[in-house]
Amino acid sequence: MSALTMTGVRKAFPDTVAVDDVSLHVPHGSLTAVLGPSGCGKTTLLRLIAGFLVPDAGTIAFDDRIVAGNGRPMPPQERKVGYVPQEGALFPHLDVAGNIGFGLPRAERDSDRIDEMLDLVELPRVFRSRQPHELSGGQQQRVALARALAPRPSVVLLDEPFSSLDASLRESTGRAVARALRAVRATGLLVTHDQSEALSLADQVAVLREGRLIQAGSPADVYLTPHDPELARFVGGATSLTGRSGEGRTATCALGTVTLRHPASADEVVLVIRPDQVVLDPDGVEAHVDEVSFYGHDAALRLTTGSTALVARVPGPSAPAAGDTVRIRVHGAVHAYPAPVRD
């Protein structure tokens with residue numbers, strides 16, 4: 001049984017359909033990342049689950065209990081949902097203990113529950129008496145999570161909680177939050193536009209595009225078997241090349257003959273090639289290095305071969321320089337999609 005089930009959920013505003021026929025199952029004790037660009041409906045979906053908005057169609061259920069879409073919707077305060085907004089939104093007039101205990105019954109506010117929550121989010125207990133302005137951004141987010149988890153909610157909703165943090169703090173805070181959720185087997189729904197964050201933290205990734213659910217599955221499934229070329233370019237980056245299918249699981253394109261993951265379903269195909277699949281090879285096709293972005297352990301090359309532009313990821317120490325001529329080939333199997341029909 002899923003902890004959260006959405007079936008055919010729709011929400012429209014006067015100028016747009018924000019959520020369009022979304023059906024999603026979130027297993028108990030799992031962390032699902034809702035991934036998509038700005039304006040795709042992620043936050044609206046979260047607000048529907050929390051009860052801040054009412055769906056125009058469809059149902060939302062926690063376990064087997066329908067909370068929206070079947071008569072009068074259940075009010076937010078009765079849904080037992082924890083909510084972590086962007087930047088934490090701690091109460092500035094309360095110390096850390098006061099913030100964590102805000103949603104608890106009065107009898108529990110001075111109990112060991114506060115210390116348990118601090119331990120869970122990996123903050124020292126001496127932080128109990130600190131004010132929000134005395135905390136770093138990452139520490140504020142951990143306190144916000146502790147506040148959300150303290151009343152033992154059935155589902156925890158996280159709305160881009162790390163968006164204001166710098167890269168290193170974002171990663172460490174994200175991992176701490178994921179560990180805390182899993183430690184108490186809480187069911188979490190994380191809204192993010194960061195592909196790396198979704199792939200590295202979540203058990204399930206649900207990708208939204210213009211209000212519609214495009215694909216939901218494990219991070220490996222979404223990355224390795226994307227629903228379409230647009231999703232492949234969004235999750236992890238990819239170059240799309242036109243090609244022609246050959247015998248067996250092969251196709252020919254500007255980079256020569258490539259191996260397909262699955263037999264092509266059309267003669268004309270669109271091939272999706274990840275940057276890490278483009279490797280330097282003296283027997284490959286000739287390409288010009290237009291630009292090099294050096295990251296230390298690896299480097300991103302922007303290449304041109306004929307009229308085709310693409311990106312390659314190569315080891316940093318052996319990266320060529322901009323202006324060089326190299327030879328490249330495709331390593332491993334790629335996905336092929338039927339090419340769009342031309343009018």
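Odds and ends about this structure:
- Seen from residue 331, the other residues with C-beta closer than 9 Å to its C-beta sum to a net charge of -1, counting Lys and Arg as +1 and Asp and Glu as -1.
- The chain - convex hull of the alpha-carbon atoms, volume per residue in Å³: 177
- Sum of side-chain charges, residue 244 neighbourhood, beta-carbon under 11 Å (Lys, Arg +1; Asp, Glu -1): -2
- Formal net charge of residues neighbouring residue 124 (Cβ-Cβ distance under 15 Å; K, R +1; D, E -1): -2
- Size-normalised alpha-carbon gyration radius of segment 258-343, reference 2.2 N^0.38 Å: 1.20
- For segment 224-234, 3J(HN,Hα) computed residue by residue from phi via the Karplus equation (6.51, -1.76, 1.60; θ = phi - 60°) reads 7, 10, x, 5, 7, x, 4, 5, 4, 5, 6 Hz, glycine and proline entered as x.
- Three-way shape call for segment 110-172 based on the alpha-carbon gyration tensor, with the a/c threshold at 1.5: oblate
- Each of 43, 325, 250 has some number of other Cβ atoms within 10 Å of its Cβ, and from fewest to most they run 325, 250, 43.
- Distant-in-sequence amide H partners of residue 87 (H built 1.01 Å from N, under 5 Å): 163, 164
- Calculated [222 nm] ellipticity per residue, helices only, for the chain: -6000 deg cm²/dmol; basis is -39500 (n - 2.57) per DSSP H run with n ≥ 4, divided by all residues, nearest 500.
- Long-range amide H partners of residue 56 with built H, under 5 Å: 10, 11, 12
- When 152, 106, 79 are sorted by how many other C-beta atoms sit within 10 angstrom of their C-beta, beginning with the fewest, the order is 106, 152, 79.
- Taking other Cβ atoms within 10 Å as a rough exposure proxy, 208, 224 sort from fewest to most as 224, 208.
We did not get these values from a lab; they are worked out from the coordinates using the rules stated. This structure is a prediction, so every number in the text was calculated from the model and none was measured. Heads up, the Cβs are rebuilt from the backbone with ideal geometry, glycines too, and the neighbour counts pull from every protein chain shown.
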